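In what follows, a structure is listed as structure tokens, so that the remarks can point back to it.
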Amino acid sequence: MSKYDLVLYDLDGTLQDSVPLIMESMKATYDIVLGGTDRTDADLMSYIGKPLTDTFWMHDEETRERLVEEYLKYNCARMKENVIPIFPGVYDFLSKIRASGVKQGIVTSKLEESAMITIDLLELGQYFDGLFFRELTERAKPHGDPLIEAAKRMGITDMKRVLYVGDALPDLLSARDAGCDFALVGWTKMPKEELIAANPNYLVDVPARLPCIIEGTEL
């Protein structure tokens, strides 16, 4: 018997290697709208996994709206060029977990229109029983609302039977707030020591370990 009935995944930095494009898009957006920015790479990286409105929260409303609009325009155009690869081993563990009968879903802070570009290009949809985007709940990660609502819509009410897999602090905090376990992917591009210090339930150091965690065995 599997340890979990449902596995939910973050998208960017967890399943697909999109962090480099996100950084490129944020910098290009600042160049287009404001002629550049003095925000550091570390500062920009800290907002990955959060909604775009949070990324640009320090600007006035009009500027924030322009930044979000230009970011989406630039980022979506680049994604359509199929520049985002899947992480090695992802297709294998998604296929194995799906074959075991455990439900799988994506819960991302990206808007549906944006997220579906790469989900379609990478043919990820076939592995999932549910896809959930920023529009799902009023409050986004790091609140637990998106995970709780996604699980509910997939017929799961006991959050202890849910595992969330992610690469960033908002993912971990969202899982904790929702009352489910969290697995940190070892291929994260976020500061790993900081994430490990936050005590995730699991560290998926190699992709092949994830099915073992779900089955309650060790690799």
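The values are calculated or read from the model by the stated rules, or taken from the named source; none is laboratory data. Please read all numbers here as calculations on a predicted model, not as lab measurements. Neighbour counts run over all protein chains shown; Cβ positions are idealised from the backbone, glycine included.
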Item checked: Residue within region 141-158 that is touching an Asp or Glu at 6+ places or on another chain (Cβ under 6 Å) and closer than 17 Å to residue 51 by Cα present -> yes
Notebook entry, point to check: Across region 191-202, which residue is surrounded by the fewest Cβ atoms within 10 Å (Cβ to Cβ) among those that are touching a helix residue (DSSP H, G or I) at 6+ places or on another chain (Cβ under 7 Å) and outside any helix (DSSP H, G or I)?
Noted result: 198
Notebook entry, point to check: Which of the residues belonging to region 207-219 are part of a loop (DSSP other than H, G, I, E, B) and touching a Leu at 6+ places or on another chain (Cβ under 7 Å)?
Noted result: 208
Margin query: Looking at residue 217 and the list (1) exposed (fewer than 15 other Cβ atoms within 10 Å of the Cβ); (2) in contact with a strand residue (DSSP E or B) (Cβ under 6 Å, 6 or more places away or on another chain); (3) of a type in the set (Ser, Thr, Tyr), which single condition is not satisfied?
Written below: (2)
Check: Could you say whether any residue in region 164-175 is part of a helix (DSSP H, G or I), crowded, with 18+ Cβ neighbours inside 10 Å and among the small types (Gly, Ala, Ser)?
Finding: yes
Check: Within the bounds of region 151-160, is there any residue that is under 14 Å from the mean Cα position of the chain (by Cα) and touching a residue at least 24 places away in the same chain (Cβ under 8 Å)?
Finding: no
Check: In region 24-45, what residues are touching a residue at least 12 places away in the same chain (Cβ under 8 Å) and either in the same structural domain as residue 192 (by TED's automatic domain parsing) or within 19 Å of residue 64 (Cβ to Cβ) (or both)?
Finding: 25, 26, 27, 28, 29, 30, 32, 33, 34, 44
Checklist line | Positions within region 9-46 being surrounded by 21 or more Cβ atoms within 10 Å (Cβ to Cβ), part of a helix (DSSP H, G or I) and in contact with a strand residue (DSSP E or B) (Cβ under 7 Å, 6 or more places away or on another chain), in sequence order | finding: 22
Notebook entry, point to check: Looking at 90, 107, 102, which is the one that is buried (at least 19 other Cβ atoms within 10 Å of the Cβ) and over 18 Å from the mean Cα position of the chain (by Cα)?
Noted result: 102
Checklist line | Test set (1) in the same structural domain as residue 28 (by TED's automatic domain parsing); (2) within 14 Å of the chain's Cα centre (by Cα) - residue 58 fails condition number | finding: (2)
